[in-house]
Amino acid sequence: MGQADARVLNEAPPIRDAATIVMVRDTTTRPRVLMGQRGHSAVFMPSKFVFPGGAVDAVDALIPLARPAGPACRTALARHSTLPPEPLLAAATRELWEETGLLLGARDARAGSLVAPRGWRGYLATGHLPDGAALRFVFRAITPPGRPRRFDARFFMAEAERLANDPDDFTRAEDELSHLQWVPLEEARAIDMPFITEVVLAEINAALNGTDQPGVPFFNNTGEISRFERL
């Protein structure tokens with residue numbers, strides 16, 4: 001290996017754990033998914049339409065769940081992972097709250113007694129805690145090498161009926177995503193989105209119509225060769 005190759009290897013960005021949430025509504029009639037547009041100056045996926053999500057923060061491990069995820073979800077999340085399921089589920093809930101202002105969770109008396117860490121103050125003040133039972137683990141993908149940022153992203157699906165506030169009220173959203181909207185599933189691929197988002201949409205469609213395969217799809221890019229697995 002030459003000096004230049006060694007320098008590039010040393011400068012490779014770390015792979016950060018991340019959680020993304022795909023909110024769906026009208027699943028029995030005309031399914032729609034919630035998407036927003038990233039800023040044009042964003043380092044990662046600028047100007048692309050994506051689902052709410054982001055990196056897992058250390059504080060997410062401090063937030064208890066109102067209800068645990070189901071056994072199948074927990075088992076799949078634990079495979080090839082050193083991170084417990086709970087911070088991932090909490091992070092997905094927090095990112096949804098921060099980026100859209102939508103409240104997913106269950107009322108829990110413990111919320112009022114917790115010392116709210118940064119990023120969770122407004123959420124815990126509502127009296128809710130993340131509801132692991134409301135989230136379905138549907139996809140996992142690690143960003144391929146050569147990108148400016150790399151994530152080990154877990155994608156969760158949740159139904160809008162589980163929201164504790166108005167699914168059309170985005171007034172509490174922070175400014176990370178613009179043009180928040182519920183996009184009909186059959187129209188979603190016409191908008192500008194990352195390739196992996198297209199793949200996740202296909203999996204969501206299969207899950208809604210009952211044609212999905214057993215196991216959670218996993219695009220494993222930890223090595224030089226990309227591998228497709230099922231968890």
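Its Cα centre serving as origin, the chain has a Cβ charge dipole (Lys and Arg +1, Asp and Glu -1) of approximately 480 debye. For Arg67, the residues 5 or more places off, or on other chains, whose built amide H falls under 5 Å of its own are Gly132, Ala133. Averaging Cα coordinates gives a centre for segment 185-231 and one for segment 83-157; these two points are 20 Å apart. Our coupling estimate for segment 210-217, obtained by passing each phi through the Karplus curve with A = 6.51, B = -1.76, C = 1.60 and θ = phi - 60°, is x, 9, 6, 8, x, x, 9, x Hz, Gly and Pro reported as x.
Model label points for Ile225 and Phe170, set 7 angstrom from Cα along the Cα-to-Cβ axis, are 4.2 nm apart.
With the cut-off at under 19 Å, measuring from each backbone N in segment 191-223 to a point 7 Å along the Cα-to-Cβ line of Arg147 picks out 191-204, 217-223.
Does the chain come out rounded, prolate or oblate by the C-alpha gyration tensor, with a ≥ b ≥ c the root eigenvalues, rounded set by a/c under 1.5 and, if not, prolate when a/b is larger than b/c and oblate if not? Mind showing how you got there, number by number?
Numbers: a/c = 1.44, a/b = 1.27, b/c = 1.13.
Judged from the Cα gyration tensor, the chain comes out rounded (a/c under 1.5).
When the helices of the chain are scored as -39500 (n - 2.57) per DSSP H run of n ≥ 4 and the total is divided over every residue, the value at 222 nm lands at -6500 deg cm²/dmol.
With a cut-off of at most 14 other beta carbons within 10 Å, and DSSP calling the residue loop, which trypsin sites (Lys or Arg not before Pro) in segment 78-112 qualify? Please list them.
Numbers: sites: Arg79, Arg94, Arg107, Arg110; in loops: Arg79.
Those satisfying the criteria are Arg79.
Taking 0.36 nm per residue of sequence separation and removing the Cα-Cα distance, the Ala125/Glu198 pair yields an extension gain of 22.7 nm.
Here the Karplus relation 6.51 cos²θ - 1.76 cosθ + 1.60, evaluated at θ = phi - 60°, turns the backbone of segment 12-21 into coupling constants of 4, x, x, 8, 9, 5, 9, 9, 10, 10 Hz, with x for every Gly and Pro.
Laboratory data are not the source of any read-out in this text; all were calculated from the coordinates shown. Keep in mind that what you see is a predicted model, and the values were worked out from it rather than measured. When we count neighbours, we look across all protein chains shown, and the Cβ atoms used for this are built from the backbone with ideal geometry, even at glycine.
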